[in-house]
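Comments concern the structure below.
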Amino acid sequence: MPSRPIGVFDSGLGGLTVLRALIDLLPDERIVYFGDTGRFPYGPKPRDEVLKYSREITDVLLGYDMKTLVVACNSAAAAALHVLDDELDVPVLGVIEPGLRAAIKATRTGRVGVIGTVGTIASGAYQEVASASDAAIELTCAACPGFVEFVEAGDVDSDQVHVLAERLLAPMREADVDTLVLGCTHYPLLARTIGDVMGRDVVLVSSADETAFAVRSMLGEAGLLAPAPSEPARAPVPDESRDPRHVFLTSGPVDTFRTLGVRFLGPEVESVTAHEW
């Protein structure tokens with residue numbers, strides 16, 4: 001069981017921020033990542049449709065005999081996390097609770113903001129987690145339609161993105177938040193632009209690192225951490241730059257996923273397999 005892979009999925013490339021954190025924190029783990037770029041984006045889609053997609057992807061990942069599932073997509077976590085947790089025999093973790101928990105620790109004034117897709121914000125998932133935490137915070141939430149599309153197109157720092165950020169982040173500046181949760185795994189790729197608009201005094205919280213810590217904690221408590229290799233890994237030669245422990249699947253164009261994936265994650269994404277629904 002400990003040698004089985006971790007399954008991770010997202011609507012597209014955003015979950016690679018979570019994957020990067022997992023690879024850095026848990027270098028001995030095998031990971032299977034599914035980016036559903038063929039049906040991206042999830043944010044504007046109805047909740048039932050996102051749940052359907054999440055179940056279909058989970059079935060694919062179960063074929064790899066995964067030991068745990070990470071829903072590295074806020075929209076999917078809001079729509080499907082509890083359902084998948086009830087239906088599966090393996091542990092299921094999302095990105096919403098770890099991100100908000102980190103923000104609660106970071107805030108100095110108690111004024112916390114959350115930005116996400118239309119679907120995530122409309123679901124009330126962050127509000128629900130905040131209420132359950134009993135933390136003395138004032139939560140302001142705002143949808144940021146358009147951010148994900150810019151990231152998936154590889155545009156994270158153009159003037160157009162900055163103008164859009166100025167408009168969409170206005171509610172956060174008006175609420176005078178001191179901590180802002182990037183409630184979509186795509187948004188860390190826009191962190192520089194978001195930080196410029198919000199100002200240096202606002203702490204940006206990415207759920208990626210916190211989710212990786214949660215995965216490590218869960219696997220450790222369950223005795224499911226992968227064993228360390230008996231021999232130190234040798235340095236890869238040029239034609240072996242891809243880490244064979246990691247598998248990448250996409251429902252969209254493989255070339256696009258590979259090109260942007262290498263930019264956002266690194267050489268681990270050199271080999272990508274197409275999946276057709």
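For region 13-30, which residues satisfy the criterion of being under 14 Å from the mean Cα position of the chain (by Cα) and either at pLDDT 95 or above or assigned to a helix (DSSP H, G or I) (or both)? Can you show your working first?
The first filter runs over region 13-30 and keeps only residues under 14 Å from the mean Cα position of the chain (by Cα), leaving 13-23.
Matches in region 13-30: LEU16, THR17, VAL18, LEU19, ARG20, ALA21, LEU22, ILE23.
Name the single residue that is surrounded by the most Cβ atoms within 10 Å (Cβ to Cβ) among those in region 95-112 being more than 17 Å from the chain's Cα centre (by Cα) and not aliphatic (A, V, I, L, M).
Just the residues of region 95-112 that are more than 17 Å from the chain's Cα centre (by Cα), to begin with: 104-112.
Subset that is not aliphatic (A, V, I, L, M): 105, 107-111.
Numbers: LYS105: 11, THR107: 21, ARG108: 9, THR109: 11, GLY110: 14, ARG111: 18.
Of everything passing the filter in region 95-112, THR107 is surrounded by the most Cβ atoms within 10 Å (Cβ to Cβ).
What are the residues in region 7-35 that are out of contact with any Phe, Trp or Tyr (no Cβ under 8 Å at 6 or more places or on another chain) and either among the small types (Gly, Ala, Ser) or outside the structural domain of ARG258 (by TED's automatic domain parsing) (or both), if any?
Scanning region 7-35 gives a single hit, ALA21.
Assuming ALA77 fulfils every condition listed in (1) among the hydrophobic types (A, V, I, L, M, F, W, C); (2) surrounded by 23 or more Cβ atoms within 10 Å (Cβ to Cβ); (3) outside any helix (DSSP H, G or I) apart from one, which condition is it?
With respect to (1) among the hydrophobic types (A, V, I, L, M, F, W, C); (2) surrounded by 23 or more Cβ atoms within 10 Å (Cβ to Cβ); (3) outside any helix (DSSP H, G or I), ALA77 is out only on (3).
Given ILE115, ILE121, ILE57, which one is closer than 23 Å to LEU265 by Cα, of a type outside the set (Lys, Arg), part of a helix (DSSP H, G or I) and under 18 Å from the mean Cα position of the chain (by Cα)? Steps first, please.
Values: ILE115 fails: part of a helix (DSSP H, G or I); ILE121 fails: closer than 23 Å to LEU265 by Cα.
Only one candidate passes the filter, namely ILE57.
When you check SER207 against the structure, is it hydroxyl-bearing (Ser, Thr, Tyr), surrounded by 14 or more Cβ atoms within 10 Å (Cβ to Cβ) and at pLDDT below 90, yes or no?
Values: hydroxyl-bearing (Ser, Thr, Tyr): yes; surrounded by 14 or more Cβ atoms within 10 Å (Cβ to Cβ): yes; at pLDDT below 90: yes.
Yes, satisfied.
Hey, among the residues in region 137-172 that are part of a helix (DSSP H, G or I) and β-branched (Val, Ile, Thr), which one's surrounded by the fewest Cβ atoms within 10 Å (Cβ to Cβ)?
VAL163
The values are calculated or read from the model by the stated rules, or taken from the named source; none is laboratory data. Remember, predicted model here, so these are calculated numbers, not experimental data. Heads up, the Cβs are rebuilt from the backbone with ideal geometry, glycines too, and the neighbour counts pull from every protein chain shown.
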